[in-house]
1. Looking at region A:40-47, can you tell me whether even one residue there is at the interface with chain B (Cβ under 7 Å from one of its Cβ atoms) and within 30 Å of residue B:140 (Cα to Cα)?
2. Residue by residue through region B:35-62, note down the ones that are open to solvent by less than 10 Å² (accessible area, probe 1.4 Å) and of a type outside the set (S, T, N, Q).
3. Name every residue in region A:117-144 that is surrounded by fewer than 20 Cβ atoms within 10 Å (Cβ to Cβ) and within 16 Å of residue A:80 (Cβ to Cβ), in order of residue number.
4. Is it true that residue B:32 is at pLDDT 90 or above, open to solvent by less than 20 Å² (accessible area, probe 1.4 Å) and of a type in the set (A, V, I, L, M)?
5. Looking at B:123, B:161, B:153, B:175, which is the one that is under 20 Å from the mean Cα position of the chain (by Cα), more than 12 Å from every other protein chain (Cβ to nearest Cβ) and either crowded, with 19+ Cβ neighbours inside 10 Å or at pLDDT below 65 (or both)?
6. What are the residues in region A:2-36 that are at the interface with chain B (Cβ under 7 Å from one of its Cβ atoms) and closer than 16 Å to residue B:46 by Cα, if any?
7. Scan region B:178-196 residue by residue and report those that are of a type in the set (A, V, I, L, M) and modelled with pLDDT of 75 or more.
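The values are calculated or read from the model by the stated rules, or taken from the named source; none is laboratory data. Since the model is a prediction, treat every value here as computed from it, not as a measurement. All Cβ positions, even for glycine, are placed from backbone atoms using ideal geometry, and neighbour counts span all protein chains on display. For accessibility, only protein heavy atoms count, side chains too; no ligands or nucleic acids. Shrake-Rupley method; radii C 1.70, N 1.55, O 1.52, S 1.80 Å.
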Amino acid sequence: MTHDDAAMMSRLRRLWERADPPPEHLADRVLFALELEDLDTEFELLRLTERGDALAGARGPSSDVTSVTFSGPTLTVMLTVSVTGDRRRVDGWIAPATRSRVHVHTTDGGYETDADTNGRFVLQDVPGGMLSLAFYPLPDADGTPTPFRTPTVEI
Amino acid sequence: METSPRAGRSTSIADVDGHSPADPLWQRSERLFAAWRQGDADALNALVRILSPVLWHIVRAYGLDRDASDDVVQTTWLTLVRRSGSIRDERAVLRWLTTTARREAWRVSQRSRRTAASDDDALEAALPAQASAETTALLDDEQRLLWGQVARLSERCQRLLRVIAFSDRPDYAVLAADLDMPVGSIGPTRARCLDKLRALLSTPAGGTS
């Protein structure tokens, strides 16, 4: 690379660092996702494919409702997040319906709950901030799909 | 430490955060990765903090929106933790990460173009990342001018320059496959993209890209 080219590459690097910086808590979300990592399990990694206002404009800031959708090759997980102050209620739906053990990882720590035969689950009261979920399907008549997990999202 | 055959570079392109060329990013990455593999959990923490911004810029070069880019960076690290045993040469960890991030970004960008081609989101995802008005307000005059002219380069030029700017000696074979161009043309294409940019900068008001 010529000196001129190297100098221009440095300028461009500084430009992008300034104009399109990474989100503030990117590394925190990575480390949070790694905390839930279970090396004994081969997960299907879902991707965040959509997030938006479930009821755009219909509610005031005191009770916002937003939605987050994760998708993988065989499954979709939709979350409807209701905001009350710094607490959240999350209504989840796995499609196709998959009865599962759900490992919930929040900034308060972790706990487990269940998704029912309709693929529905509820996180009654979790803190706002980072959330990641891992799903361990329960044995069923038609076989057991592989476990799957979400990346860390901010709710 | 023995001198690596890859250490003798005259520029500090790889040193994204302006660290001394005497201790380039790939060497710090190697040390932290080796320490983590020997059981030092904090070393992974440090590695994530140092390299996530680098991975971010590489992923964004593929035109993914910010949420999808965040996702790809997370996936890249999860993959590293899972596959760390398969990385034989610790010196190669930075290259392994940037290559994994590019492959994942490429896969996701292709899928979003395919599955939602008529969607506004997909259209947005297919375009190079644009800065918002608030973003350009962060730039000084010289950078604002540069930003405007970079936006007039072809999508391929923008991607190539951004990936190379943030990669530590990118794997040209993989890059070539991603960008659908012969390996031997990466270097000359980069030079042509920079020439084009310099030409735009010298006549900022006229011409078309």
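1. Checked against the condition, which is being at the interface with chain B (Cβ under 7 Å from one of its Cβ atoms) and within 30 Å of residue B:140 (Cα to Cα), region A:40-47 yields no hits at all.
2. Scanning region B:35-62 gives B:43, B:47, B:48, B:51, B:54, B:55, B:56, B:57, B:58, B:59, B:62.
3. Passing the criteria: A:118, A:120, A:122, A:124, A:125, A:126, A:128.
4. no
5. B:175
6. Matches in region A:2-36: A:26, A:27, A:29, A:30, A:31, A:33, A:34.
7. Pass one, region B:178-196, residues of a type in the set (A, V, I, L, M): B:179, B:181, B:183, B:186, B:191, B:194.
Scanning region B:178-196 gives B:181, B:183, B:186, B:191, B:194.
Per-residue answers, yes or no, for (1) in contact with a strand residue (DSSP E or B) (Cβ under 7 Å, 6 or more places away or on another chain); (2) modelled with pLDDT under 90:
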position	(1), (2)
A:59	yes, yes
A:68	yes, no
A:77	yes, no
A:83	no, no
A:86	yes, no
A:99	yes, no
A:110	yes, no
